[in-house]
Each structure stands twice: as structure tokens, then as C-alpha cells.
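First the structure, in the form of C-alpha cells, and then the observations on it.
The values are calculated or read from the model by the stated rules, or taken from the named source; none is laboratory data. None of these values were measured; they are calculated from a predicted model. Cβ placement follows ideal geometry from the backbone for every residue including glycine, while neighbour counts extend to all protein chains displayed. Ligands, DNA and RNA are stripped out before the accessible areas are found, and what is left, the full protein with its side chains, is counted by its heavy atoms. Shrake-Rupley method; radii C 1.70, N 1.55, O 1.52, S 1.80 Å.
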Amino acid sequence: MAQSLVLKPGLIYYPGYFDRAAQERLRDTVRDLVRAAPLFVPTMPGTGKPFSVRMSNCGPLGWVSDKNGYRYQPHHPDTGQPWPPIPEQVLTVWRACGGYDEPPEACLINFYAADARMGLHQDKDEEDFAAPIVSISLGDDGLFRYGGLNRKDPTKSVRLRSGDVLVIGGESRLVFHGIDRIHSGTSDLLAMPGRVNLTLRRVTKP
Ligand code: MD6
Ligand code: FE
């Protein structure tokens, strides 16, 4: 089992979880996934403003956002096709680090170009907060900021590197978090500059 660091109770960081060979395998798998389910541009509920992060999903459910709101749905918003299955290499991380008996139902795939970011948010569109969210990073470093249960709580940052795993669960399941910036050129894993983040989620109560 990889080394782990408790950033705060329930927020568990596994730096270097995947070695280079495993990162390359996962990169190739993600490339196939986004061929089947192309990256789409989510938009903000209400304003319709586009996210700077492009997204796709795998699993029985996928997270989407558009003018009607945030939700999980079984099909791609542009193609109408069901999402491809979650790859075994990814399910293995959930089993090893998730501490939750039932499988994940959604794996959100985020692609950050060099200038993309993600504002401070909580992940609360799931029914079951007893399940953690398990995050895997590939490619360029991303500066991950996390705080507490209130938006105004003080925050800290950790630089998520290619191959790192982060688990948000327990009493940290609903902490505010975001990505302040991408450190372009810090990894040569991807064919283009940028960062991929996979987040595994249990959506429904078993
Ligand atoms: C990211 N991740 O790392 C954005 N959410 O690119 C998230 O928003 C996130 O990493 C919940 C749990 C883990 C995460
Ligand atoms: Fe999140």
C-alpha cells in the first residue's frame, strides 16, 4: 500500500500512488475513454457561462452542468450515448483507498488546459455523503486548495502531481476545495500541456 498523509481528518493524500508505467497505462485508457465519450464544455446553471475545465465521464452515471443545473445522468449531454464503463485500473483505487463497500457509480474526467482553474466548491450533488470521493491526478501539477465546511474558513494548498491520489471523505467529505492554477510544463506524461483529474463518486444510496 502506498504511503498516505492525513491532510485533515478524512482528507487523505497518497503522493506518488501510481508509478510512471501505471500513469502511462492510465493515460492511454483515458485517451480511449474520451474518444468514446468526447470532452464537453459544461456551463454554469443560470448564467450559462462556460467552465474553463472540459469534462467527460465514465460509469453508469456522469456529472453534467448546464443552464438547468448540476446533476448526474446516464448519457453524454452532446452525443446522447451511455457513458463507457469505469476502467478496472481505476476501480482498483476505489477498493484500495475508498473504504466503502459498494462500487462507485460515476467517474468524472476533468481536463485542465494551462489556463484552466476550478473555483472553490463543495461536491454535494450525491445522495450518499457516507461514501468518499477518490481523486486521481495525471499530467501537469495542479494547485489544490482546501478549507472547511464554510466557504470563509481558512484554506491550505497542496500541489497535486501526476500519479497522486486524494481521498475526500469522513468529516472532510463536504469541505470547500478547488484548483487555483495549473503549473504548465511540470509533466511530460500527456501529449499536450495540461492536467487530467479523475474523481470517483458513489451517487445513490445502496
Ligand atoms: C481537481 N477536484 O482535482 C478537482 N472534488 O481537479 C475536485 O473538485 C475534487 O479532487 C472532490 C474530491 C476530490 C477532488
Ligand atoms: Fe470537487
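Numerical summary
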{"read-out": "Residue-averaged 222 nm ellipticity for the chain, from DSSP H runs of 4+ at -39500 (n - 2.57), nearest 500", "value": "-4000 deg cm²/dmol"}
{"read-out": "Prolate/oblate/rounded label for the chain (Cα gyration tensor, a/c 1.5)", "value": "rounded"}
{"read-out": "Where trypsin sites (Lys or Arg not before Pro) in DSSP loops with at most 10 other Cβ within 10 Å are excluded, longest remaining stretch of the chain", "value": "1-123"}
{"read-out": "Solvent-accessible area per residue for the stretch 101-151 (1.4 angstrom probe, square angstrom)", "value": "39"}
{"read-out": "Under 30 Å, Cα to Cα: Lys pairs in the chain, sequence gap 8 or more or different chains", "value": "15"}
{"read-out": "Kirkwood Rh and Cα Rg combined as Rg over Rh, evaluated for the stretch 1-67", "value": "1.10"}
{"read-out": "Cβ-Cβ FRET estimate between Arg31 and His121, R0 fixed at 30 Å, reported to 0.05", "value": "0.65"}
{"read-out": "FRET E, pair Ser184, Leu39, Förster distance 22 Å, beta-carbon r, rounded to 0.05", "value": "0.75"}
{"read-out": "Cα gyration tensor, the stretch 39-151 - rounded (a/c under 1.5), prolate or oblate", "value": "rounded"}
{"read-out": "Estimated inter-spin distance, Leu5 and Asn68, nm [label 7 Å along Cα→Cβ]", "value": "4.3"}
{"read-out": "Relative contact order of the chain, pairs being alpha-carbon contacts under 8 Å that are 6 or more residues apart, as %", "value": "26"}
{"read-out": "Gain in span if fully extended, Arg151 to Glu102, counting 0.36 nm per residue against the direct Cα distance", "value": "14.6 nm"}
{"read-out": "Loop GluC sites (Glu not before Pro), the stretch 54-147 (other Cβ atoms within 10 Å of the site Cβ: 14 or fewer; DSSP)", "value": "Glu127"}
